[in-house]
Amino acid sequence: MVKFNRRDFIRTSLLGGVAAASIPSFAMKVLNEQTRVTVDASSRVSLATGANRAEMAFRALQPFSKEIAQAVGNKRIIVKPNMVTSTIQLSAIHKDTIEGILEFYKSINKLKNVIVAESVADGPTMGAYDNYGYIPVAEKYKVKLIDLDETPPQLVYVMDELDLRPKPVRMSSFMMDRNNYVMSVARMKTHDRVGATLSLKNVVVGAPIKDPGYGWGSNRRQGARSDKAIVHGSGFRGINYNLFSLAFTIRPDFAFIDGFEGMEGDGPNSGDPVDHRICVAGFDWLAVDRVGLELMGFDPAKIGYLTFCAEAGMGQYDISKIEITGEKLSDYIRNYKPSRNTDKQLQWMTPIKERGESLY
């Protein structure tokens, strides 16, 4: 068992942003200056379309070839696909998209640095790799497939909206290590808790680990637990705030959103397919997610965790200041059908206490 005390929590929460809601404004200003992510006034994002997933992914990455090669250097590259479950292909990144990404890294002589790493929610990740056809692709390119649940854990703390107390979460050290180069490969999907699940959420919720033998239904070993649920914070306010606070320490170094076939409705597992034939890529993960929202026809002001990240200066959220290369954005905007509980999701926009009510 990992032991923790009040000093550990204060240190971790200050670094991760958990204390932001309770510290004075002057202290928050200092915290922002220490943790703010510097971005260009105009962040560059590429759009690519096509009829072949692998080829489309390769072309979306090509404009960044020199910059990616320089940024990676000798670092280990973690390609983090979005799978969620081991049995629903629509919810997961297709193997052909992964092949296009690996072909790109081969073209810039960085393939030897690459591993593919994931932690699915419903059981062993190796089963998902097998079901989705990743194993032959990994063998072809001689890259390792890693289950993040088997990597050493690192403890962080998140908020639970039911009692507003810190909760410890075991995170994969692979995803926490800033010496690794993390590429988020997300699916363009709706979500039944936060509206949309894009590049940031893919890495943050993929990082919490599970006990061996954890699964859904009859496959679940008694007593085995998953820390992914803790990050959800017991409600719509909790999950949005936790995604924001964890983004200070767990975030993509490069963001890629696969919208070849999106998901609308009751995502991230039970939605319906959208034939969209688009993908988005860039260094500024917040700008990439913002373009993703635009392509889905979603109001960015209603996506809580990304709004919080924008307010904290983590990236570019103003669509007019994002430089888009490749395809014309307006030609590919669709109106994705949101989850049926959209009204409930907007609880993050209101305080727990009524305004004007004394806190003392």
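Read the figures in this text as sums done on the coordinates, not as results from a lab. Small disclaimer: the values here were computed from a predicted structure and weren't measured. Please note: Cβ atoms are built from the backbone with ideal geometry, for glycine as well, and neighbour counts cover all protein chains shown.
As for region 339-359, it holds no residue that is under 26 Å from Ser91 (Cβ atoms), in contact with a helix residue (DSSP H, G or I) (Cβ under 9 Å, 6 or more places away or on another chain) and among the acidic types (Asp, Glu). Residue check: Ala229 meets all listed conditions (1) assigned to a helix (DSSP H, G or I); (2) crowded, with 18+ Cβ neighbours inside 10 Å; (3) aliphatic (A, V, I, L, M) but one, namely (2). Filtering Thr307, Thr342 for residues that are free of Cβ contacts under 8 Å to residues at least 60 places away in the same chain and over 30 Å from Gly50 (Cβ atoms) leaves a single hit, Thr307. Among the residues of region 88-128, those identified as farther than 22 Å from Ala224 by Cβ, part of a helix (DSSP H, G or I) and either among the hydrophobic types (A, V, I, L, M, F, W, C) or free of Cβ contacts under 8 Å to residues at least 40 places away in the same chain (or both) are Leu90, Ile98, Ile101, Leu102, Phe104, Tyr105, Lys106, Leu111, Lys112. When region 304-343 is limited to residues that are crowded, with 18+ Cβ neighbours inside 10 Å and hydrophobic (A, V, I, L, M, F, W, C), the one that is farthest from Asp272 (Cα to Cα) turns out to be Ala312. The set of residues from region 100-136 being crowded, with 20+ Cβ neighbours inside 10 Å and of a type in the set (A, V, I, L, M) comprises Ile101, Leu102, Val114, Val116, Ala117, Val120, Ala121, Ala128. Can you report the number of residues in region 259-287 which are in contact with a Phe, Trp or Tyr (Cβ under 6 Å, 6 or more places away or on another chain) and of a type in the set (Gly, Ala, Ser)? Residues flagged as in contact with a Phe, Trp or Tyr (Cβ under 6 Å, 6 or more places away or on another chain) and of a type in the set (Gly, Ala, Ser) within region 259-287 amount to 1. Considering Pro268, Pro300, Pro252, the condition of being crowded, with 24+ Cβ neighbours inside 10 Å and within 19 Å of Thr342 (Cα to Cα) is satisfied by Pro268 alone.
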